[in-house]
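These notes are about the structure you will find just below.
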Amino acid sequence: RAMGRTIGRDFAMKVEIGKERGWKYKFKPINTIEVDPEDVRRKGLEYCFGLIAHEGAHRHISCKNFIPKEQWQESGFSFLMNAVEDPRVNNWVAKKYEGAANWLERVYEENMPLEGIIDAKAKEKMGYTPKHIQYGLEVIRYWHTGKFSDDLPVDVREALKLTIADAEKAYNILP
């Protein structure tokens with residue numbers, strides 16, 4: 001809790017156990033970091049440090065107020081925004097706080113990048129992984145490894161080739 005609040009520079013922010021799998025920062029007016037209880041039980045301190053640092057960084061540097069509500073609610077928009085914003089907050093927190101780069105490395109090496117959870121939810125709801133989710137996960141993979149998966153659909157690979165330089169530009173803009 002203290003780490004999330006310190007990195008987020010918001011000591012009134014709530015940090016609590018989430019009701020579902022995964023970690024997340026819920027923007028204002030909720031202003032809460034939700035922690036995955038299974039990760040706390042099983043993944044170890046450094047893994048959890050990486051995720052709480054990541055979510056605290058969202059609180060400190062992520063801003064969505066300039067995006068019209070209608071745009072934010074368009075199918076897939078928030079996921080794709082987050083696919084660029086996650087590497088951005090990771091870059092910021094890794095430069096700002098000693099040790100954070102190592103914690104984040106552990107998170108992404110162990111669970112690159114939460115694909116199983118995201119894929120499982122998509123497949124459960126739709127029966128397949130939509131292309132915008134494949135694309136977004138590959139943006140994060142590219143940030144972490146510098147390469148794409150080998151088994152991508154051709155159209156997803158082509159879209160990535162055309163846009164990855166812009167995604168890199170966006171996630172390297174730091175306050």
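The values are calculated or read from the model by the stated rules, or taken from the named source; none is laboratory data. This structure is a prediction, so every number in the text was calculated from the model and none was measured. Note: accessible area is taken over every heavy atom of the protein model, side chains too, but ligands, DNA and RNA are not part of it. Shrake-Rupley method; radii C 1.70, N 1.55, O 1.52, S 1.80 Å.
With an 8 Å Cα cut-off and a minimum separation of 6 or more residues, compute the relative contact order for the stretch 37-140 in percent. Don't jump to the answer; show the numbers that get you there.
Details: 71 pairs, mean separation 36.8, N = 104.
For the stretch 37-140, the relative contact order is 35 percent.
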> Can you list the residues, at least 5 places off or on another chain, whose amide H is less than 5 Å from the amide H of K26, using H built in the peptide plane?
Replying inline: T32, I33, E34
> Quick one: what does P(r) look like for the stretch 1-125 with 5 Å bins over all Cα pairs, in whole %?
Replying inline: 2, 10, 20, 24, 23, 14, 5, 1
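Starting from the Kirkwood Rh over alpha-carbon pairs, what translational D in µm² s⁻¹ does the stretch 74-175 have by Stokes-Einstein at 4 °C and 1.567 mPa s?
Values: Rh = 14.3 Å.
It diffuses with D of about 91 µm²/s by this estimate.
Greater than 23 Å separation of Cα atoms is the criterion. Which listed pairs, K26/K147; K147/K169; K43/K121, meet it?
On the way: K26/K147 30 Å; K147/K169 16 Å; K43/K121 21 Å.
Too far apart for the 23 Å limit: K26/K147.
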>> Multiplying the sequence separation of E98 and K147 by 0.36 nm and subtracting their Cα-Cα distance, what value in nm do you get?
In response: 15.0 nm
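Might you tell me the accessible area per residue for the chain, computed with a 1.4 Å probe and given in Å²? Can you show the working numbers first?
On the way: 10130 Å² over 175 residues.
Normalised by residue count, the accessible surface of the chain is 58 Å².
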